[in-house]
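This report refers to the structure that appears directly beneath it.
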Amino acid sequence: MSGAQEARAIWFTAPGRVETQSEVVPAPGPGEVRVRAIRSAISHGTESKVLQGRINPALPLDLPTLRGSYGFPIKYGYASVGRVVDVGADVDLVPGDLIFALHPHQTRFVVPERLVVRLGHDVDPDVAVFLANLETAVTVTQDAQPRLGERVVIFGQGVVGLLILQLLRRTGVGKLIVVDPLRARRALAEHLGADLALTPTDDLAGQIHDFTDGVGADVVVESSGYPGALNQAIDAVAFGGSVVVSSWYGREPVALDLGGAFHRRRIHLISSQVSSIDPVLQPRWTPARRLALARDLLSSLTLGPLITQRIPFSCAAEAYTLIAQRPGETIQVVLTYPDEENGV
């Protein structure tokens, strides 16, 4: 299968505008592999912010596979599963290998072998699309440093929040409370082990304190993506507790009330981001070790129910419209790539 091939990719060409464009994919060079996509997962929170133009246009792109800029046009996405179709010299992967790549939504692409993760032949591609978000959830769980018997609150039960919920349940925390405005997400969270699922009402902090014997949460994880949730997280945490912020707010301002509960309760505010590892864990923990853990967890977590829609790649624009207009019906939208869409 040598020589250049045609592919199609999803581009955001202006705020709210999704287009499918043709691209030429060259033959893989030394150290490179060419991949035929099978599935890719849309990141509802991050990609929605990018698509709506809610990211600073001057912010550099943080993945080598991305193209364009946040000022548009931009080719964006980071959860693609596919099969290797041909390889360049000095490559260990072979045609037919199932892989995961931090790559935008595209039918075929060429990437350096070092940027892909080999998956077992028995791994379900639907499950594999969660690898990037699962690595993020591992990072957040490590940053939260939960202790046996502690009470933990998670704001936001999108994909990352639901993954954090499952990982925290494994750590032996005492009570797990989740907060989300969407009924379907709260119901799934309870199915996955949440002890209490709440809506973000005015009396939210009071409800959390009541459920924790008047003390408040030992740890609060803010993964909702909504700036207003951070003040609610601070109000919900106990004296000396920690608020771990994994949300990316983009250009949205965050107005914090630091003159009350935050100041008097000696609250720890922690930023969690998957691009780095807590210095306390280094050098024992490396990105490779963390990624290997996430890959191993794919087979032991409940991931299938998180997929609410599978939509053909050719209907990608409809997928983004669905996410924007009917969020109550979506948790994880996955794009599928039938063979005919790949030109094979």
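Looking only at the range 275-290, decide whether some residue is surrounded by 12 or more Cβ atoms within 10 Å (Cβ to Cβ), hydrophobic (A, V, I, L, M, F, W, C) and closer than 18 Å to Ser80 by Cβ. No; the residues of the range 275-290 include none that is surrounded by 12 or more Cβ atoms within 10 Å (Cβ to Cβ), hydrophobic (A, V, I, L, M, F, W, C) and closer than 18 Å to Ser80 by Cβ. Pairs meeting the criteria (first residue in the range 248-263 and outside the structural domain of Asn56 (by TED's automatic domain parsing), second residue in a loop (DSSP other than H, G, I, E, B) and small (Gly, Ala, Ser), beta carbons under 8 Å, at least 6 apart or on different chains) are Trp248/Gly225; Tyr249/Gly225.
For the range 60-88, filtering for residues that are exposed (fewer than 15 other Cβ atoms within 10 Å of the Cβ) and in contact (Cβ under 8 Å) with a residue 60 or more places away in the chain leaves 1. Output the residue which, of all residues in the range 215-232 that are small (Gly, Ala, Ser) and out of contact with any helix residue (DSSP H, G or I) (no Cβ under 9 Å at 6 or more places or on another chain), is surrounded by the fewest Cβ atoms within 10 Å (Cβ to Cβ). My answer is Gly228.
Would you call Ala205 among the aliphatic types (A, V, I, L, M), in contact with a strand residue (DSSP E or B) (Cβ under 7 Å, 6 or more places away or on another chain) and surrounded by 15 or more Cβ atoms within 10 Å (Cβ to Cβ)? Judged against the criteria, Ala205 is not a match.
Can you name the residue in the range 93-111 that is assigned to a loop (DSSP other than H, G, I, E, B) and either modelled with pLDDT under 95 or out of contact with any Asp or Glu (no Cβ under 7 Å at 6 or more places or on another chain) (or both) and, of all such residues, is farthest from Ala9 (Cα to Cα)? Before you say what the answer is, go through the steps one by one.
Initially, the range 93-111 is screened for residues assigned to a loop (DSSP other than H, G, I, E, B), giving 93-97, 102-105, 107.
Those left that are additionally either modelled with pLDDT under 95 or out of contact with any Asp or Glu (no Cβ under 7 Å at 6 or more places or on another chain) (or both): 94, 96-97, 102-105.
Numbers: Val94: 24, Gly96: 22, Asp97: 22, Leu102: 14, His103: 11, Pro104: 8, His105: 6 Å.
My answer is Val94.
Given the condition in a helix (DSSP H, G or I) and within 19 Å of the chain's Cα centre (by Cα), answer yes or no: does some residue in the range 114-123 qualify? The answer is yes; a qualifying residue exists. Residue-level check: of (1) in the same structural domain as Val160 (by TED's automatic domain parsing); (2) more than 20 Å from the chain's Cα centre (by Cα); (3) under 30 Å from Ala9 (Cβ atoms); (4) aromatic (Phe, Trp, Tyr), Tyr337 misses just (1). Name the residues in the range 184-196 that are in contact (Cβ under 8 Å) with a residue 40 or more places away in the chain and not in a loop (DSSP other than H, G, I, E, B), would you? Within the range 184-196, Ala184, Arg185, Leu188, His191 meet the criteria.
Among the residues of the range 209-262, those that are within 18 Å of Leu165 (Cβ to Cβ) and among the charged types (D, E, K, R) comprise Asp218, Glu222. Of everything in the range 238-272 that is surrounded by 16 or more Cβ atoms within 10 Å (Cβ to Cβ) and among the aliphatic types (A, V, I, L, M), the residue that is nearest to Ile208 (Cα to Cα) is Ala238.
For the structure I just gave you, tell me whether Asp235 is closer than 22 Å to Arg170 by Cβ, surrounded by 16 or more Cβ atoms within 10 Å (Cβ to Cβ) and among the charged types (D, E, K, R). No; evaluated as a whole, the condition is false for this residue.
This table checks each residue for (1) surrounded by 21 or more Cβ atoms within 10 Å (Cβ to Cβ); (2) at pLDDT 95 or above; (3) of a type in the set (Val, Ile, Thr); (4) assigned by TED's automatic domain parsing to the domain that holds Thr336.
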residue	(1), (2), (3), (4)
Val117	no, yes, yes, yes
Pro125	no, yes, no, yes
Thr139	yes, yes, yes, no
Gln142	no, yes, no, no
Val153	yes, yes, yes, no
Gly156	yes, yes, no, no
Val159	yes, yes, yes, no
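Taking the conditions exactly as written (closer than 19 Å to Phe130 by Cα, out of contact with any Lys or Arg (no Cβ under 7 Å at 6 or more places or on another chain) and part of a strand (DSSP E or B)), does Ser40 satisfy them or not? Yes; evaluated as a whole, the condition is true for this residue.
Within the range 314-331, residues that are without any contact (Cβ under 8 Å) to a residue 60 or more places away in the chain have Cβ atoms under 7 Å from residues that are hydrophobic (A, V, I, L, M, F, W, C) in these pairs: Glu318/Ile311; Leu322/Val333, counting only partners at least 6 apart in sequence or on another chain.
Test of understanding: among Ala255, Ala238, Ala233, which residue is of a type in the set (A, V, I, L, M, F, W, C) and in a helix (DSSP H, G or I)? Lay out the reasoning, then the answer.
Numbers: Ala255 fails: in a helix (DSSP H, G or I); Ala238 fails: in a helix (DSSP H, G or I).
Of the residues listed, the single one that is of a type in the set (A, V, I, L, M, F, W, C) and in a helix (DSSP H, G or I) is Ala233.
For the structure I just gave you, tell me whether Ile55 is touching a helix residue (DSSP H, G or I) at 6+ places or on another chain (Cβ under 9 Å), buried (at least 19 other Cβ atoms within 10 Å of the Cβ) and in a loop (DSSP other than H, G, I, E, B). Against the criterion (touching a helix residue (DSSP H, G or I) at 6+ places or on another chain (Cβ under 9 Å), buried (at least 19 other Cβ atoms within 10 Å of the Cβ) and in a loop (DSSP other than H, G, I, E, B)), Ile55 qualifies.
The values are calculated or read from the model by the stated rules, or taken from the named source; none is laboratory data. Treat the numbers as computed from the prediction; the structure is a model and nothing was measured. Backbone-built Cβ (ideal geometry, glycine too); neighbour counts: all protein chains shown.
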